[in-house]
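Working notes, structure below.
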Amino acid sequence: MSLKRLKIIPILILCAFKIKAQTGEIYGKILSVDGDSIGAAFVSLFKDGNQIDAVYSDFNGEYFFSGVDPGSYDVGVESLGFQSKTIQSVLVGTNQKVELNFTLLSSSKAVDVVEIIQYRKPLIDKDKQAKIYTSVEIENLAVRDVGEIISTSVDAVSQDDGTGDVYIRGQRTEGTQFIVDGIKIKGKLSVPQNAIEQVEVISGGIPAMYGDNIGGVVIVTTKGGGSKGFGALESVTSQGLDGYGYNLITGSYAGPIFRGKKDSNGVLLKPSRLRCLLTGEYKNLLDSRPSALGVWKIKDEVLRDLEMNPLRVASSGTGTFRNSEFITNDDLEWQKNNQNIGSINARFAGKVDFQLNKSIVLTAGGNYNYSKGNTYIYDYSLFNSINNPEYINQQTNLFLRWKQKLNVDSIKWISSLNYQIQIDYTDMSELNWDDSHRDDLFKYGHVGQFKTHRNSLYEYQENGDNGDAYYYKGEKDVLYEFLGGGSNPNASNYASQFYSLYSGLSEGNYENYLQASNGGALLNGDRPEHVYGIWYNTGRQYNGYFKGSSTQKRAIGNITAKIFKKHNIIAGFEYEERLYRGYRVSPIGLWNRMRQLANAKNTELDLDNPSLTYSNGVFTDTVNYNYLYQETGSKGFYENVRDQFGLDYDEYFDTDFYGPENYSLSLFSADELLAEGNGVLSFQGFDYLGNPVSNVKLDDFFHAKDENGAYTRKSNPYQPIYASGYIQDKFQFDNIVFNIGLRIDRFDANQPVLKDPYVLYDSYKVKDLESSYTIPNTIDDEATVYVNSLEQDVPNIVGYRLENKWFDASGKEITDPSIIETASNTGEVTPYVKDPSVKIGDSNYKSSSTFTDYKPQYSFMPRISFTFNLSENSSFFAHYDVLTQRPGYDQNIFTPTDYLFLEGNVGSFITNSNLKPQKTIDYEVGYKQKLTNRSAITVSTYYREMKDLIQVTAVNYAYPVNYLTFGNLDKALVKGFSVKYDLRPINSNVSLNAGYTLQFADGTGSSPVSSASLISQGVPDLKIMLPLSFDQRHIIRGVFNYTFKPGKKYFGPDWNGKGRSILGGLSTNIVTKLSSGRPYTGQSNFTPEGNIINAERKALDGLINGNRLPWIYTTDLRVSKKFLFGFRKEAGFKFQTELYLVVKNLFDTKNIVKVYNATGNPDDDGYLDAATSQSNIEAQTNYESYLDLYSLKIANPNNYALPRQIRAGFVMTF
């Protein structure tokens, strides 16, 4: 082997382990019309008018361009003695090889002009099975968002209910990965449409360069700048068309930042090396979730009266009724749009390409998304939509990419060598709050100022400690006075009206706060009662404040080499660090928490220090005592609030007398707000005051205190580390194109995990026992030992457990651990804990006794695919993929407070910091056949097996308490058969993409929490394979386009036979979706589904997901007309305008997406007519009102897909 080969091999090996590509290749032959090879032809590759690469054909006329970014290109050929030729709009996808052959006329037979032709994508792709949507196709579609674009394929389904969830080939929605310009996108994909170069959807045969997904990959490539400036403006509105208030405006510019060098005639000699793309989009929605049924609302004047006068005296003469419980249909009116769920969205994208030289390109870019709006809460919608919470989300994605083509002319066995390195950064922030109070937390629950009037109580005692006298016994509330001035006027009206109704009648009504509350007044920290338990009432303040932030730092790189002219090898790496913080407060509860704490340490009298009353030095008859301050060793709200107001520690403090401006979270200690897991606060990566923290030792969470002796309870953010390396080789052997690769992922959750999910404390295993115990030989040394008691010095062994397997004392495996429970003296399973006296959080507790570090998980994923090209008109393809995906942070995050308070919260739910990656094994075989020069058909069948999917599980027989958590427990099996038809608009105005999929998606759980309701009802976790809730057996899609092309390609009616293309630029696009219904579970009893809280147990009727919803049918339409105007023709300046109309759900189909399980209807749960319901209905405050309000609630518009929406648009390009 030559020295040069020895030098290059280590480079390739190194890159295989250290260096992610999204590049493709263009290759082909240059031939004469006689079929002879043309060597030394000069072949140029152009992007947006810029020459980005050039090569010469070899002796056999062969050429190629490697390392080509996804997008649209022009390829030109020049050769001495032949006419030059350019093929425009050559489409290249990720990791795709595009064959592009040229046949040149000799110059003696051709005119002296460049022959320009348009690229036609082959009907039979010899290399790639992914679906690619070009920018032109996307602009002409009747749908706009990426999720809607994806769902035009039969490989993906989305329920048109406004959620945007996409399921690819039977996989859960979180199994799909979105990538924009090489950046992994977290959350919902949001890119301005006019910035998109292409969208590629890979549903099978996923190359090794893509990991961390178990469903599919969606790759979005944005446009770049060209040698000539290009701009566009677009405006879209639904004003006056549908009543939903859709308004959109976009703008974009692509081109050089500086003008290139020109000669004296204005001809461009040297294009600008610095080119850019800038796009922006602003969208405003009046109704972000339109209703297919319209909306019933309370008449404005009736609602105003309810808000001002929410109460009336009860018929009994004491207490109150809520006036909202007398509302009937006569008080309602219908309108088209929902109330107070408007939103705004601003999106920007930019990219700058700097051509440093012919072989190096430096690209910097990114995108920004801002969204703000009010969240739709159906239970609020009738009486309380004014209090819909507000969300503000922001996401910034930035990247820097270095791409270089290396010179390998001296290495004969390497035809090309390219590499690229990219670093990117993502920053996300979330806010969710009440839009009137935002982060002023104590205003959320502030109803007004109340003053507690108290009288002293005395009791006459003979022979007391100080003789016969009246002894002080404490204070009694005699008047709880409302002084007004609340921060929430509609809530304050409940108090003001109650006091007005019972003015001067304090006795029995408002002598203390409990009487006032029971009578119907709202106090600080209260919210109105539900309307019959069906609707939330007026004045109900949203009880939530959340702020979250996350960052993602990545470095990716790859090297691409063509070896021996056949092997296209890509080797790469990816390294990623994420950080997530979350801080959540239920601020209304702060007032009740203050009321609980304000006088909690002075509940007893200081009987050791009496205060006797004297008159002129003579003891009268009264003995007083001060309240006794009971110090606990740490300062909290009790002490801090008195310090603030200058009060003694034994004085009474009236929390409701002071306004929200007097309070702050810093008055509390962390434990006072956490309240043993039942408090108003939770946080991760913050301290309890909302300040970000990092690098906190776990023992510090349990033991660190502040200067006041209070625990600080700081916890680390979620900081997982993900890394991968891959290598793949694409090569052709005869007529077979192989793509073989291997990907290795490493996931480190980088956080503590339980040593034993069944035991919170360090306990003995078999290997730790002394020889005095006789252990059955069937028991492993790592098995946990269970005993009859922890109080005995040498307890008796009653059982063992090895992971999830249980054994009795004799070593026999058992399926029912209650046998061990019964054998214990404690009545519960009792592991042999090493030190039972130590509890979590005790001063002598060590976290190492409970927790250990997460063990990094390695995933090996072979990927094999091939295409056997039987002829130019047919091909056979197949693939085998192994895919894995790490767990999501909301299931995997370690929250130490869960464990600190676990023992006091039996059956509580905690996340699982020890989750493992989920896995998919995917197979597919298929056949493509060209039918005509315009059409082809593809037939394929696929089989997917999913393992280790995440699901809620109950950890029973755990010590010290049982709890719920997540586990890698679910599995799924998807089988499908697809037929796709492709009709191209070649010499025609018509194109059509249509398809049909028959799919069976079965599994043990449809989402990570789908088992939670079954567990709560005591249904055993049987893990039976049943239809998944998003399983749709039949999926039919069709995208039809009829376009009259402008100019010379016009084919249509002629004006007076003079060649005028009167319909040129007129286009009609129709997207049709037809799907069978999703499954749901039948119910044999009638339960009040209209109630906000429905605690009645549902009786299963048949199998889980044994019934089907009706079929769903939707047609979307886009009609557009383009007009071309030209000015300064010598400079080639033109601009184009386009007018279009989009109608979504053209036929306004009322598609049912949810029904009530007992009836199978979307508007009737059967409860009102059930015999078992009549006594409850008749007991309501107002019979007619209850029937009307319940019926209205059951007619839930969310049970239907979106209605018809109409939008008109105007586009100008220049």
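Which of the three applies to the stretch 763-832, rounded, prolate or oblate, going by the alpha-carbon gyration tensor with a ≥ b ≥ c and a/c under 1.5 meaning rounded?
oblate
Past 28 Å, Cα to Cα, is the threshold; run Lys928/Lys975; Lys547/Lys697; Lys930/Lys1150; Lys358/Lys930; Lys223/Lys283; Lys121/Lys730 against it and keep the listed order.
Numbers: Lys928/Lys975 20 Å; Lys547/Lys697 23 Å; Lys930/Lys1150 38 Å; Lys358/Lys930 40 Å; Lys223/Lys283 21 Å; Lys121/Lys730 21 Å.
The pairs that break the limit, which is 28 Å between Cα atoms, are Lys930/Lys1150; Lys358/Lys930.
Round to the nearest 0.05 the FRET efficiency obtained for Glu707 and Thr815 when R0 = 45 Å and r is the Cβ-Cβ distance.
Values: r = 54 Å, r/R0 = 1.21.
Efficiency computed from Cβ-Cβ geometry: 0.25.
Would any residue of the stretch 880-912 have its amide N under 20 Å from a label point 7 Å out along Cα→Cβ of Asn962? List them or say none.
899, 901-912
Looking at Gly24, Asn388, Leu141, which one has the Cα that reaches farthest to the positive end of the dipole of the chain (charges on Cβ: Lys, Arg +1; Asp, Glu -1)?
The one lying farthest along the dipole's positive direction is Gly24.
For labels at Asn825 and Phe326 in the simple 7 Å Cα→Cβ model, what's the distance in nm?
Distance between label points: 6.6 nm.
Going Cα to Cα from Lys855, which aspartates and glutamates come in below 15 Å? Please leave out same-chain ones fewer than 8 positions away.
Asp745, Asp748, Asp756
Place +1 on the Cβ of every Lys and Arg and -1 on the Cβ of every Asp and Glu in the stretch 418-564, take the dipole about the Cα centre, and give the residue among Ser492, Leu523, Asn537 whose Cα lies farthest towards its positive end.
Farthest towards the positive pole: Asn537.
Multiply the residue gap between Tyr425 and Ser500 by 0.36 nm, knock off their C-alpha separation, and tell me the result in nm, one decimal place. Don't skip to the end; give the middle numbers.
Values: separation 75, 0.36 × 75 = 27.00 nm, distance 5.92 nm.
That pair, Tyr425 and Ser500, stretches by 21.1 nm at full extension.
Using helices alone, what [θ] at 222 nm do you get for the chain, with -39,500 (n - 2.57) per DSSP H run of 4 or more residues, divided over all residues and rounded to the nearest 500? Kindly include the intermediate steps, with their values, before the conclusion.
Values: 16 runs with 122 residues, N = 1214.
The helix contribution divided over the chain gives -2500 deg cm²/dmol.
Report the label-to-label distance for Phe258 and Glu115 in nanometres (one decimal), using points 7 Å from each Cα along the Cα→Cβ vector.
Distance between the two pseudo-spin positions: 4.0 nm.
Could you tell me the distance between the Cα centroids of the stretch 1006-1031 and the stretch 1139-1173, to the nearest Å?
Value for the Cα centre distance between the two parts: 24 Å.
About its Cα centre, what dipole magnitude does the stretch 891-1012 give when the only charges are +1 on Lys and Arg Cβ and -1 on Asp and Glu Cβ, stated in debye to the nearest 20? Could the numbers behind the result be given before it?
Details: 11 positive and 9 negative charges, 167 e Å.
Its charge dipole is roughly 800 debye.
Check Leu123: other-chain or 5+ apart residues with amide H under 5 Å from its amide H, H built from backbone geometry?
Amide H neighbours of Leu123, under 5 Å, 5+ apart: none.
Filter Lys29/Lys562; Lys184/Lys1144; Lys85/Lys1049; Lys131/Lys186; Lys351/Lys405; Lys128/Lys553 down to the pairs with a C-alpha to C-alpha distance above 24 Å, please. Please list the in-between numbers first.
Details: Lys29/Lys562 17 Å; Lys184/Lys1144 30 Å; Lys85/Lys1049 19 Å; Lys131/Lys186 22 Å; Lys351/Lys405 21 Å; Lys128/Lys553 31 Å.
Going by Cα-Cα distance, Lys184/Lys1144; Lys128/Lys553 fall outside the 24 Å limit.
Determine which residues of the stretch 828-859 fall in the zone a paramagnetic label at Lys697 would reach in this model, i.e. backbone nitrogen under 17 Å from the point 7 Å along Cα→Cβ.
Residues 841-853 qualify, since their backbone N sits under 17 Å from the label point.
Pop a pseudo-label 7 angstrom from the Cα along the beta-carbon direction at both Asn1176 and Asn1198 and give the gap in nm to one decimal.
Reported label-point gap for Asn1176 and Asn1198 is 2.0 nm.
Taking the Cα centre of the chain as the origin and placing charges on Cβ (Lys, Arg +1; Asp, Glu -1), which of Phe733, Ala972, Val33 is farthest toward the positive end of the dipole?
Val33
So if R0 is 30 Å, what FRET efficiency would Leu1022 and Phe860 give, r being the distance between their Cβ atoms, rounded to the nearest 0.05?
On the way: r = 32 Å, r/R0 = 1.05.
E between Leu1022 and Phe860, to the nearest 0.05, is 0.45.
Give the calculated FRET efficiency between Ile921 and Leu514 to the nearest 0.05, with a Förster radius of 51 Å applied to their Cβ-Cβ distance. The partial results should precede the final answer.
On the way: r = 62 Å, r/R0 = 1.22.
That gives a FRET efficiency of 0.25.
What full-extension length gain, to one decimal in nm, is calculated for Phe619 and Ala314 as 0.36 nm per residue of separation minus the Cα-Cα distance? Walk me through the numbers before you get to the answer.
Numbers: separation 305, 0.36 × 305 = 109.80 nm, distance 5.16 nm.
Gain on extension, Phe619 to Ala314, equals 104.6 nm.
Work out the length of the dipole vector of the chain about its Cα centre, built from +1 on the beta-carbon of each Lys and Arg and -1 on the beta-carbon of each Asp and Glu, and round it to the nearest 20 debye. List each step's numbers first, then the result.
Values: 122 positive and 138 negative charges, 1860 e Å.
Taking the Cα centre of the chain as origin, the dipole is about 8940 debye.
Determine, for each peptide in 640-649, 474-483, the mean count of other beta carbons within 10 angstrom over its residues, then list the peptides with the highest first. Walk me through the numbers on the way to the answer.
On the way: 640-649: 14.0, 474-483: 15.6.
Per-residue mean Cβ counts within 10 Å order the peptides as 474-483, 640-649.
What shape does the stretch 427-511 take by its C-alpha gyration tensor, where a ≥ b ≥ c are the square roots of the eigenvalues and a/c under 1.5 counts as rounded, a/b above b/c as prolate, and the rest as oblate? Could the numbers behind the result be given before it?
Details: a/c = 6.05, a/b = 2.08, b/c = 2.90.
Note, shape of the stretch 427-511 comes out oblate.
Using the 10 angstrom Cβ neighbour count as an exposure proxy, how do Trp413, Trp296, Trp591 rank, fewest first?
Working: Trp413 14, Trp296 17, Trp591 23.
Least to most surrounded, the residues fall as Trp413, Trp296, Trp591.
Give me Leu1074, Leu311, Leu902 ranked fewest to most by other Cβ atoms within 10 Å of their Cβ, as a rough exposure proxy. Numbers along the way, then the final one.
Numbers: Leu1074 15, Leu311 24, Leu902 18.
Result, fewest neighbours first: Leu1074, Leu902, Leu311.
Mind ordering 44-57, 1083-1096 by average Cβ neighbours within 10 Å, highest first?
Descending mean neighbour count gives 44-57, 1083-1096.
Which whole-Hz couplings ³J(HN,Hα) result when phi for each residue of the stretch 61-73 is put into the Karplus expression 6.51 cos²θ - 1.76 cosθ + 1.60, θ = phi - 60°, listed in order with x for Gly and Pro?
Working through the residues one at a time gives x, 8, 8, 6, 10, 10, x, 8, 5, x, x, 10, 9 Hz.
Decide, for the stretch 1018-1120, between rounded, prolate and oblate: order the square roots of the alpha carbon gyration tensor eigenvalues as a ≥ b ≥ c, take rounded if a/c falls under 1.5, and otherwise choose prolate if a/b is larger than b/c, else oblate. Could the numbers behind the result be given before it?
Values: a/c = 5.93, a/b = 3.62, b/c = 1.63.
Prolate shape, in that a/c is at least 1.5 and a/b is the bigger ratio.
Can you sort Phe1147, Phe637 so the residue with the fewest Cβ neighbours within 10 Å comes first?
Values: Phe1147 11, Phe637 24.
Listed from fewest to most nearby Cβ atoms, that is Phe1147, Phe637.
Can you divide the C-alpha Rg of the chain by 2.2 N^0.38 Å and report the result to two decimal places?
Numbers: Rg = 36.1 Å, N = 1214, 2.2 N^0.38 = 32.7 Å.
In units of the 2.2 N^0.38 Å rule of thumb, it is 1.10.
Please compute the length gained on full extension between Ile1093 and Thr86, using 0.36 nm multiplied by the number of residues separating them and subtracting their Cα-Cα distance. Please list the in-between numbers first.
On the way: separation 1007, 0.36 × 1007 = 362.52 nm, distance 6.80 nm.
Taking 0.36 nm per residue and subtracting the Cα distance, the gain is 355.7 nm.
So what's the gap between the Cα centers of the stretch 416-452 and the stretch 329-401, to the nearest angstrom?
Using only Cα atoms to place each centre, the spacing works out to 14 Å.
How many angstrom lie between the Cα centre of the stretch 772-789 and the Cα centre of the stretch 663-684?
Centre-to-centre distance over Cα atoms comes out at 43 Å.
Computed from the coordinates by the stated procedures, all read-outs in this text should not be read as laboratory data. Note that the structure is predicted; figures quoted are calculated from it, not measured. Please note: Cβ atoms are built from the backbone with ideal geometry, for glycine as well, and neighbour counts cover all protein chains shown.
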